[in-house]
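Accompanying notes for the structure given below.
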Amino acid sequence: MKFSDRDRIADITITEPGKIDAFFTNVPSVEPVTAARKATVQPSVYTKRVLEENAVQNLSVAKIADTIINAAVSERASDIHIEPKENSTIVRFRIDGDLRHAFTLKKNTGVMVISRLKTQAGMDISEKRKPQDGGFATKLGERVFNLRLSTTSTPNGESLVMRLLEPYAKPKKLEELGMSEKQAQTMAAAAARSSGMILVVGATGSGKTTTIYSLLHNIDYKRRSIMSVEDPVEYRMPFVNQQQVNEKAGVTFEALLRASVRQDPDVLFLGEVRDGFSAKMAIDFASTGHLTITTMHTSNATTAIFRLERLGIDRGIMADTVIAVVAQKLIKKLCPNCKKETPISPEEAEMLAPFTSEIPDVVAHPVGCPECRNTGYSGREGVYEVLEFDSHIAEMVRAGEPISRIRAFLRQRGDFLISTHAISKVRDLVFAPADIFEKALAEEETHVAKPAAAPDATVMPDTGRHDDDSGLERPISILLVDDDDDTRKLIRRFLETEGYDVTECADGIDALLCLGKKHVDLVISDINMPNLDGFKLLEMVSQKGVESPVILLTSSTETTYEEKGLGLGAADFLRKPVKREVLSLRVKKALGRARGR
Ligand SMILES: [Zn+2]
């Protein structure tokens, strides 16, 4: 629907109908058009609107900026990205870990919005090339938000990312975050101890800080003094003496840590063990009658032991001092309103089989409804493994047992590992099978596949030799990934006539499973596929250290794909339909390059 075209200053594209209410109802001064808007909205129709003059006057740059923030909050976004493109400016929200398109602004409007936000954050608006950081607080209704801004320059101009933090949000209970009752009890008992170390590990954005805030609320702060060293402080806790690193002002992490230890609090929350120095300070403090809670970047709880060891911490001291290690990941939850239950498919059963003996009969899948804005998902929930240093574990750690042995022991004992916890939530119809694969199973599988793995081993087995022991050359193997049966058949037939050994996979997950089982010399993958697309596959292949080159193949006309694919490390990029001769040459080229390395 189109409004009057005169004097417009803002073009706004609204891609999700649910967003329209969120977009306008929070901005009182544009109410005149709300009614008209509601009446014209159809589900899943891309609507481009030009605001009428009356509304436009009210939609000043400041109002647009506020509106974007309002919409982001009402959609539970963690970050707002404002990105200049060649002829427009795109606003995207990160929701439940995924970036989603929110608005399209006129290019110039975008520039003004960024300037407006930079001004609010006390940043230099004349400087548009050098990266800058800043921040400001804003109040929406009763809620206070801290916005942390950072800018970078792109070929199309300055882009801005804002992180939204709600510093006074009420912390959730550990069970509400997704822990099982038993896990939460173990953690509550750990937090009640007067000395020792609790480690919370996981990737950036896995919710470690949220877990720690929840844990700190379990501590009797009336009787015990709590101090923190954080970089930055994400939530305010009135009962904690919180200290924030400020390197620019000379308040370094190291200096704050030393000062805190001198002040001798009962409980120290150290934002992160980042090096040998902080590891040693943290463990010394924990072993001398204090409770220390801190985080590390490792993928699971057992790996944390090896990371500490590498940072120079003796196994014996670890065994005496560490109380528990919690590892966590966040996984998208199915929308309870529209999820669809179906009997498990053979592929899904095969995917789960290596991790559990109890394959569920029924699983749930995303559908999409107005309540979840047609995404099929609603929020995220944690999956955890809580490695309690009881006498068995402490003894294994002290004895220098390898990671695989400790992990196998936990598995045998029936402790929840991240993989088993995730599968239990598939069984409870909270997660879809495909959604736990990448985050909770793919990594675990490599530990299973490589029992004598070295510390931190997340690399898939590489048997990358073209000659086997007999000295005979085996055929070059190609993994062909495409969800379209016909395309696959066609390319396969062609490649086989060229003498290649071809394995077919119907999507990225399939391909990862296959790559875990066998070595291939080359991967040819489609981009748009269900479950795990070609880009994600590419990312995971390189994360896992698989050295096989990847050629991306697409029928999409999206112009950014080539740049994105090559940026992610693709060896080559081809558009369908592709000529046989061209494919033949490109395959040879990619293989030649890989062998020449
Ligand atoms: Zn839904």
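Only the coordinates and a few stated rules stand behind these numbers; no lab work does. The structure presented is a predicted model; accordingly, all values stated were derived computationally and were not measured. Positions of Cβ are generated from backbone atoms using ideal geometry, with glycine treated the same way; all protein chains shown enter the neighbour counts.
Taking 56 Å as R0, compute the FRET efficiency from the Cβ-Cβ separation of Arg223 and Asn528 and round it to 0.05. Plugging the Cβ-Cβ distance into 1/(1 + (r/R0)^6) gives 0.45.
With a sphere of radius 15 Å drawn around the Cβ of Ile344, what net charge do the other residues whose Cβ falls strictly inside it have (Lys, Arg +1; Asp, Glu -1)? Neighbour charge sum, excluding Ile344 itself: -4. Put the Cα centre of the range 259-286 next to the Cα centre of the range 492-567 and the gap is 45 Å.
Taking the Cα centre of the range 477-596 as reference, the dipole from Cβ charges on Lys and Arg (+1) and Asp and Glu (-1) amounts to some 460 debye. Counted by Cβ distance under 10 Å from Asp266, the other residues give a net charge of 0, where Lys and Arg count +1 and Asp and Glu count -1. For a Förster distance of 30 Å, can you work out the FRET efficiency between the beta-carbons of Asp484 and Leu99, rounded to the nearest 0.05? Result of the calculation: an efficiency of 0.70. Our summary gives the range 477-596 a relative contact order of 22 percent, counting only alpha carbon pairs under 8 angstrom and 6 or more residues apart. Taken along its principal axes, the alpha carbon cloud of the range 477-596 reaches lengths of 32, 31, 29 Å, longest axis first.
Here's the list of aspartates and glutamates a cross-link from Lys588 could span, going by alpha-carbon distance under 13 Å and ignoring same-chain residues fewer than 8 apart: Glu498, Asp521, Asp572.
Of Arg398, Arg407, Arg129, the sequence from fewest to most neighbouring Cβ atoms within 10 angstrom is Arg129, Arg398, Arg407.
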